[in-house]
Amino acid sequence: MVLGRSMKVVFFAAVAIMMSRGKAIAQVLTNTSNGVLSANIPFGNLTPGTSTTPASTQVQFRIRSNNSTGYKILVSAVFNVTPTALVQGGNTVSASDIGVGISSIIPGNATSSPRGDTIAAGFNYDPATVAATNGMTPYTGAALGLATLADIVANPNMTLLSGPKVANNQGINNQNNFLTVTITFGLVGQFFTPSTLSGILNVRLVDGP
Amino acid sequence: MISFKRLPILLGAAMMMASAAFAQTGTITVNGNTPEAFSLTNPAGGALSSTISLGVLTPANTGTVTSGTATVNMRSNKAYKVTAQSSALTITGGGATDGGDDIALTDIGFAVTAMTLTGGNVASSGSRTESAGAFALPGTGWPASTDGLTPSFSRTLNDIQTAQQILQGTRISKKGNLMTTDNFISVTFGVATLPQFFTPNTNFSAVITLTMASQ
């Protein structure tokens, strides 16, 4: 096997680039089927009722990272609401009415331990379990321990979760080398202005710390 | 000898595939729908099923009617209207008519007698203007009889044998649900009749069905 001088330059440059890119993909963020994380989780029809239990919905995703400096989950969000009736002095649902929390982190059997994963202040709770004792939004915001989507909207690229190296490899064929993270959203159906709403959470996995 | 003429192309393709196979970003979309919502409950927040008992209607030497009321809590996130419809009058234990008159729907006045329109989470609290039209009881109260016969009620149950709009207004609730204690208005509905020498009976009744909907 003989390489010409120009071929050698191209070859080593390409290897260098791949190594560089290889480092960049030390993390892998997927859904629970190891596919692209692109979840659509509906609250459905938020008819006001008599229950103290918020409507809730959740999404799970997997984090793989073999980066020695660990990982970070950065999030940004946008919130859109489209009223379908006049406001007439009432309130329209807003991002601050939607509770957001990391309700569980489950490490796979082949993950590094001990774990020291850190959830951003105010996001370490399960919005589905917060009682709406007066029939209104019970989420008080991250500063008071019950974060909402508004906290993310107001802080683009905030670090939602961080931690040390997840496992020694990030191969997606391995079924034990990831963290399964559950994010739960909660919202109390109320006499808000009739509307449709959507919140889009952009999630990014990068090297830590 | 292995040819490396296409090596750069292969490496480039490999890098692109590697890049495409391992995404580090994701998107989570949460969506929902706040529907139009209207609610009629009793003052305790339960299902609306009230009975107004007029008691024993013994005729007397007075023009004052006998009346009763039922209060309803109303919530909405949109301009609303309330319609009422009365069933036919059911008379049980009726005696012989002997050429006299039985009590009838036309003898029973029906009106909105009072409204409480304020609350911390009531829209436009303090400046609401619900409209009951001819179903609003005038400030002077129920009309009195001047001749011992049924007085001139503005509206009677006979007027709502077919569903009639009796009340309308703008959005009531700012937010909150059915547990919330300050996001509703209270409307009191009344019925009244003058005790007369109608044909005796042991009981009479009519069911008034209230329906709240979007304007």
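In the range A:32-58, the residues that are more than 7 Å from chain B (Cβ to nearest Cβ) reach residues that are surrounded by 13 or more Cβ atoms within 10 Å (Cβ to Cβ) and charged (D, E, K, R) with C-beta atoms within less than 8 angstrom, at least six apart or across chains, in these pairs: A:T32/A:R62; A:N34/A:R62. Residues in the range A:75-89 that are part of a loop (DSSP other than H, G, I, E, B) and closer than 18 Å to A:T47 by Cα: A:T84, A:A85, A:L86, A:V87. For the range B:161-194, a residue qualifies if it is more than 18 Å from B:A114 (Cβ to Cβ), crowded, with 23+ Cβ neighbours inside 10 Å and away from every other protein chain (no Cβ under 14 Å), and the qualifying residues are B:T193, B:L194.
State whether the residues of the range B:98-107 include one that is in contact with a Gly (Cβ under 9 Å, 6 or more places away or on another chain), more than 30 Å from A:Q190 (Cα to Cα) and either modelled with pLDDT of 95 or more or not aliphatic (A, V, I, L, M) (or both). So far as the range B:98-107 goes, yes, one or more of its residues are in contact with a Gly (Cβ under 9 Å, 6 or more places away or on another chain), more than 30 Å from A:Q190 (Cα to Cα) and either modelled with pLDDT of 95 or more or not aliphatic (A, V, I, L, M) (or both).
Is it the case that A:G101 is modelled with pLDDT under 95 and of a type outside the set (S, T, N, Q)? Judged against the criteria, A:G101 is not a match. Taken together, the criteria place B:F189 among residues that are within 23 Å of B:G63 (Cα to Cα), aromatic (F, W, Y) and assigned to a strand (DSSP E or B). Taken over the range A:162-209, the criterion of being under 23 Å from A:L146 (Cα atoms), within 12 Å of chain B (Cβ to nearest Cβ) and among the small types (G, A, S) is satisfied by A:G186, A:G189, A:S198, A:G199. Filtered by the rule that a residue be over 17 Å from B:R171 (Cβ atoms) and either free of Cβ contacts under 8 Å to residues at least 12 places away in the same chain or surrounded by 13 or more Cβ atoms within 10 Å (Cβ to Cβ) (or both), the range B:115-139 gives B:A132, B:G133, B:F135, B:A136, B:L137, B:G139.
In this structure, is B:G68 in contact (Cβ under 8 Å) with a residue 40 or more places away in the chain, surrounded by 12 or more Cβ atoms within 10 Å (Cβ to Cβ) and part of a strand (DSSP E or B)? Against the criterion (in contact (Cβ under 8 Å) with a residue 40 or more places away in the chain, surrounded by 12 or more Cβ atoms within 10 Å (Cβ to Cβ) and part of a strand (DSSP E or B)), B:G68 qualifies.
The values are calculated or read from the model by the stated rules, or taken from the named source; none is laboratory data. Remember, it's a predicted structure, so these values are computed and weren't measured experimentally. Neighbour counts run over all protein chains shown; Cβ positions are idealised from the backbone, glycine included.
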